[in-house]
Amino acid sequence: MEKIVILTGAGISAESGLGTFRDEGGLWAQHRIEDVATPEGFARDPALVHAFYNARRVQAAQAQPNAAHRALARLQRDWPGEVVIVTQNVDGLHEAGGASGVIHMHGTLAGALCAACGHRWPAPAEMAVDEPCPACAGPTARPDIVWFGEVPYSMDQIYGHLAQADIFAAIGTSGQVYPAAAFVHEAIAAGARTVELNLEPSAGVSSFDETLFGPATQVVPRWVD
Ligand code: BJW
């Protein structure tokens, strides 16, 4: 039975009303990456970083999963083999759409993390500067998000899945951020067939055997069904 490993990025949630990062008018056009998505930025101005993630937490809580999220959940349910979803997204929409066992390699807006002791717990709707950690009481709570320069979560588990993949699909990701951008090469090394589903060709498009271009809510259900 064939194993499918799926990598998703911001494009799959775009039609749920959540902005992508690098598209025109995206999050990185409105905020400097160095200010809001690095540990150094957080150390410099935690209030700014909390404001950025508090606003995104509200948006994500109001967003609904779309036809692409639901199609992947359907694939997980109906495929005779295993379907593993690895997401770079922090919005929780795969689970809201019915998916299970999703690997959140860049963390989650729903989580808080202690920068001192590493304890993780559900984030309040609004995180505040100097918020105490429930485990060590240090004023060191931060969003449970993987910033630039930090090691993404579950890498051993992800590489293990990629090594066994028969099919690898990358959906709605620009292929500009590593290590996720290199997953396709791991899958190729494992002998997998590879497919890119995206609005437009990504930075790594030439590595894929097959491509399907268009809005995720159209191309993902078409690919699944
Ligand atoms: C649609 C659509 C629709 C639109 N339908 N599609 C030099 C060379 C190589 C690497 C490095 C380097 N210098 C530094 C690095 C490493 C660095 C990196 O990659 N930098 C690059 C910028 C060069 N990476 C890291 O630091 C990572 N850590 C690391 O490498 O640790 C070392 C290590 C790794 C492994 C093992 C051991 C050690 C950490 C990266 C953390 C990324 N964090 C962010 C922000 C936090 C999360 C958040 O706030 O939400 O994660 S950055 C941001 O980019 C976010 C995303 O998850 C990530 C990827 O973006 P994504 O999802 O691809 O979105 P976009 O906007 O780029 O693309 C959207 C796509 O959708 C587009 O293609 C559209 O066309 C498409 N689309 N509408 C279908 N309707």
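Some notes on this structure:
- Residue that is within 10 Å of the ligand (Cβ to nearest atom), crowded, with 17+ Cβ neighbours inside 10 Å and not in a loop (DSSP other than H, G, I, E, B), where the choices are ALA14, ALA71: ALA14
- The one condition from (1) more than 30 Å from ARG32 (Cβ to Cβ); (2) of a type in the set (A, V, I, L, M); (3) away from the ligand (no atom under 12 Å from the Cβ); (4) in contact with a strand residue (DSSP E or B) (Cβ under 6 Å, 6 or more places away or on another chain) that ALA189 does not meet is (4).
- Unique match (being among the charged types (D, E, K, R) and surrounded by 22 or more Cβ atoms within 10 Å (Cβ to Cβ)) among ASP78, ASP91: ASP91
- Across the stretch 151-166, the number of residues qualifying as of a type in the set (Val, Ile, Thr) and either modelled with pLDDT under 95 or near the ligand (Cβ under 6 Å from one of its atoms) (or both) comes to 1.
- Among the conditions (1) free of Cβ contacts under 8 Å to residues at least 24 places away in the same chain; (2) of a type in the set (Phe, Trp, Tyr); (3) near the ligand (Cβ under 8 Å from one of its atoms), PHE148 misses just one, which is (1).
- Evaluated against (1) closer than 18 Å to GLU95 by Cα; (2) within 10 Å of the ligand (Cβ to nearest atom); (3) not hydrophobic (A, V, I, L, M, F, W, C); (4) not in a helix (DSSP H, G or I), GLY19 falls short on exactly one condition, (1).
The values are calculated or read from the model by the stated rules, or taken from the named source; none is laboratory data. From a predicted model like this one, the values you see are computed outputs, not experimental measurements. Using ideal geometry, Cβ is built from the backbone for each residue, glycine included, and neighbour counts are taken over all protein chains shown.
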